[in-house]
1. For the range 297-309, indicate whether the set of residues that are assigned to a helix (DSSP H, G or I), farther than 25 Å from Thr372 by Cβ and aliphatic (A, V, I, L, M) is non-empty.
2. Are any residues in the range 73-92 free of Cβ contacts under 8 Å to residues at least 60 places away in the same chain and of a type in the set (A, V, I, L, M), and if so, which ones?
3. When the range 347-375 is examined, which residues are found to be more than 19 Å from Ala281 (Cβ to Cβ) and in a helix (DSSP H, G or I)?
4. Please determine whether any residue of the range 198-219 is farther than 30 Å from Tyr341 by Cα, at pLDDT 95 or above and either of a type in the set (D, E, K, R) or over 17 Å from the mean Cα position of the chain (by Cα) (or both).
5. Return only the number of the condition from (1) touching a Pro at 6+ places or on another chain (Cβ under 6 Å); (2) more than 30 Å from Phe117 (Cβ to Cβ) that Pro207 does not satisfy.
6. Going by the structure shown, is Phe95 touching a helix residue (DSSP H, G or I) at 6+ places or on another chain (Cβ under 9 Å), touching a residue at least 60 places away in the same chain (Cβ under 8 Å) and open to solvent by less than 10 Å² (accessible area, probe 1.4 Å)?
7. Would a scan of the range 333-346 turn up a residue that is in a loop (DSSP other than H, G, I, E, B) and without any contact (Cβ under 8 Å) to a residue 60 or more places away in the chain?
8. Out of the residues in the range 40-78 that are in contact with a Lys or Arg (Cβ under 9 Å, 6 or more places away or on another chain) and open to solvent by 50 Å² or more (accessible area, probe 1.4 Å), which is nearest to Thr139 (Cα to Cα)?
Amino acid sequence: AAPRPVMVWIHGGGNAAGSAADPLYDGRRLAGAGDVVVVTINYRLAQLGFLADAALATTAGSVGNYGTLDQILALTWVRDNIAAFGGDPGNVTVFGESAGARNTCTLLATPASAGLFHRAIIQSGACKFLDTRAEAQTTADAVATALGCTGERAACFRAATAEALTRANAQPVGALSASTYGTVIDGVVLNEQPEAAIRGGRHHAVPIAIGANADETGRVAPLAMTEPQYVALVRAQYGALADAVLTQYPAAAFPSPRAAYVRLTTDARFVCPAREIAAAAAAQGPPVHRYFLTYAPNVFGAVHGLDVPIVFGTFDAIIANGQPYQATAADLALSTAMQGYWTRFARTGDPGGAPAWPRYGAGDPTLVLDTTITTTSGVRTAACDFWRPYYLAL
């Protein structure tokens, strides 16, 4: 039999939580649906994976990014060993969601991953917002303080138990939280924000599929929110930009102040960055395909992470009221369609389908994933035009 395309999954969790062993990421159904080999990988997380203290710098100058190096090592293992499992080491797709999507962006930009993969799927993640050495050092200082490391830091960190280290300066993980621990622009593993590398053509120029969900923050936004609370929250989060944001997202234009907040945070963090990455990558030549998931099987809408059980077909891994979730006919139909798009993209770089997933270019052509799958020109265009100058300036 001919070797099968390989799909390597990088899980999300803010680079601080999660595991490849999560039942949500069981690759059997996806592998069977598309006749592909699915590999799910672990990598060191939080302080164990990304503590970037100068005292830990190697002779080569690298500091932090241990989790990123784990991902590169996993891809190297796939290259060297996947043929024994029926996989094609010359046809590897990296795909990830949330922090896994950000890590996929990093792999596109780091020279160390050259030649280890041939396509990339970025689900609900930006290619910016990575920490500089100085920012990461501030976080490391907080960890050292929490651990009581007052003398030789490297020895103190290494003497701590894994539990003590990860409890020191622990931070929340979620669609509205900043990722405290993650890839660092250290000048060795990574030289710049991944999106800057993409815009400058300094990335691995492979076919890319990218997208976001319509209501990414719908499950984590405060449940009860009055208009004054909405205004206060926006002012607290956006500072000098708040007046412009409130003009773009007035509470009165939405069903509720909460809906306005979900829309603005979803656009700013996920939907509009996806457009910028798609445009930057498409300008470099290899094909790009953009999607927008609007399927809303619950009152919170198309929330962060909804795409994962759909792509993997692992609805039964969702526990609702103490019981495995029973997928509806609509759930299963969309899952079959998305598995087809994802695995065809992994096989050839052209996801095809019915309707055909359009190649990205002028007019912002996008596949809209819902009960009925359609294509559209432009997703929340006015809002993303609003965010564009601020996003580009980051």
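1. Going residue by residue through the range 297-309, those that are assigned to a helix (DSSP H, G or I) are 307-309.
Keeping just the survivors that are farther than 25 Å from Thr372 by Cβ gives none.
Scanning the range 297-309, I find no residue that is assigned to a helix (DSSP H, G or I), farther than 25 Å from Thr372 by Cβ and aliphatic (A, V, I, L, M), so the answer is no.
2. Leu73, Ala84
3. Residue satisfying the conditions is Arg347 alone.
4. Let us first name the residues in the range 198-219 that are farther than 30 Å from Tyr341 by Cα, namely none.
No, because not a single residue in the range 198-219 is farther than 30 Å from Tyr341 by Cα, at pLDDT 95 or above and either of a type in the set (D, E, K, R) or over 17 Å from the mean Cα position of the chain (by Cα) (or both).
5. The one condition Pro207 does not meet is (2).
6. Working: touching a helix residue (DSSP H, G or I) at 6+ places or on another chain (Cβ under 9 Å): yes; touching a residue at least 60 places away in the same chain (Cβ under 8 Å): yes; open to solvent by less than 10 Å² (accessible area, probe 1.4 Å): yes.
In short, yes.
7. The answer is no; no qualifying residue exists.
8. Only one residue fits best here, namely Ala54.
The values are calculated or read from the model by the stated rules, or taken from the named source; none is laboratory data. Remember, predicted model here, so these are calculated numbers, not experimental data. When we count neighbours, we look across all protein chains shown, and the Cβ atoms used for this are built from the backbone with ideal geometry, even at glycine. Only protein heavy atoms, including side chains, enter the accessible area calculation; ligands, DNA and RNA are left aside. Shrake-Rupley method; radii C 1.70, N 1.55, O 1.52, S 1.80 Å.
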